[in-house]
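Okay, structure first, notes after.
The values are calculated or read from the model by the stated rules, or taken from the named source; none is laboratory data. Not measured: the values here are computed from a predicted model. Backbone-built Cβ (ideal geometry, glycine too); neighbour counts: all protein chains shown. These area figures cover heavy atoms from the full protein model, side chains too; ligands, DNA and RNA do not enter into them. Shrake-Rupley method; radii C 1.70, N 1.55, O 1.52, S 1.80 Å.
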Amino acid sequence: MGMKLMQMLAAVAGMMITGVATGAPEAPSASVAEVDTLTMSQDARCRQVLVTCVINGEPMRMMLDTGATNTVLHSSSVAKLKNAQKMDTRHINFSGNAKERPDVYLLRIKFADVEVKSHPVMVLNLDGARNMMAEKIDGILGMDLLGAMAFTFDISNGKMHWGVPEGKLRLVPLNGARDAGGRLLPLVRCGNVQHEILLDSGATVTRLPEAAWPAGTARETTMGVGDVNEMSAVTAKIGNSGDMELAPGVVVQGVTPVFCGEEERSMLGMDVISRIRLVHLPSAHNPAGYFFLAL
């Protein structure tokens, strides 16, 4: 009997542009008002949250990725756009986990109920991510745009939407350091071990070093991994079921992380995010905004 093939999406965690200004959100133009940019859905296979954006007048299916610093379009999707202005990137610095140097376009993007003009968007071959998912996305909506928006992931109750949750709820800050791209690195507790982990809604599963998981190892398996450009099969260890404390008194039970190397980025993926009520609020003091757990 063959080993179970698990699927994990690493998306574009860490891709970052520096030295490029962005536009401010505005009210959308009437020409794109009929496209539904409010309704969120969930990928049937990898569980990421999806939404339709209108980019240079064309509807595009995008994944909401709290682990991506910048917004990215797939190379074949940008070819559909009219009046796409390509930037001279010779003096732009890039960092991240893609094998290619991306092109950058200045594009007009409508999402939720706002429109941003002349926003720098990276263009990459996203076949690795696309081939893992049930729905072929056109791109990834990163924290460069999500940081200015309020949104809620209450997936276990079927509620994913722009804005804050309804009703009277207590919001517990999800605290942690920020990396150079403004992404949140919450300090979670696993037993007596505290560990810094990237809040990454672009990742299907949670990844931790084996030493950070007191519950120990359950088994070894073969996994299909979708990174930015390509898919690959890797052998990985899966942890025993255990508890993870995200904030004082907020514990997610039954977590079974995939173990990564000590030098690799730990990620809090959709297997855990889909079991909490995650709320993001914008802030005038922090371009990336703040995350909360709604209780």
Averaged per residue, the 1.4 Å probe accessible area of the stretch 43-129, protein heavy atoms only, in Å², is roughly 39 Å²
Once all protein chains are kept in place, Asp113 shows an accessible area at probe 1.4 Å, nearest 10 Å², of 100 Å²
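Tally Lys and Arg at +1 and Asp and Glu at -1 over the other residues with C-beta under 14 Å from the C-beta of Arg189: what net charge comes out?
-3
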Stokes-Einstein D for the stretch 110-158 (37 °C, 0.692 mPa s, Kirkwood Rh from Cα pairs), in µm²/s, comes to 246 µm²/s
Mean projected area, convex hull of alpha-carbon positions in the stretch 155-205, reported to one decimal in nm², is 5.4 nm²
Quick calc, the stretch 109-192, dipole around Cα centre from Cβ unit charges on Lys, Arg (+) and Asp, Glu (-), nearest 20 debye, gives 300 debye
The stretch 149-295 accessible area per residue, 1.4 Å probe, protein heavy atoms, integer Å², reads 44 Å²
The base-10 log of I(q)/I(0) that the Debye equation returns for the stretch 253-295 at q = 0.14, 0.15, 0.32 Å⁻¹, one scatterer per C-alpha, is -0.50, -0.57, -1.09
Phi-derived 3J(HN,Hα) across the stretch 248-263 with the Karplus relation (6.51, -1.76, 1.60, θ = phi - 60°), rounded Hz, x for Gly and Pro, is x, x, 10, 10, 9, 9, x, 7, 10, x, 8, 7, 10, x, 4, 8
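Excluding Lys80 itself, what net charge comes from residues whose Cβ is under 10 Å from its Cβ, given Lys and Arg +1 and Asp and Glu -1?
Details: positive: Lys82; negative: Glu58, Asp138.
That works out to -1.
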Once Lys and Arg are counted +1 and Asp and Glu -1 for all other residues with Cβ under 11 Å from that of Phe153, the total becomes +3
Whole-percent carbon and sulfur contribution to the accessible surface of the stretch 238-295 (1.4 Å, no ligands, DNA or RNA) stands at 50 percent
Semi-axes in Å, largest first, for the stretch 155-245 (Cα gyration tensor, √(5λ)) are 27, 19, 15
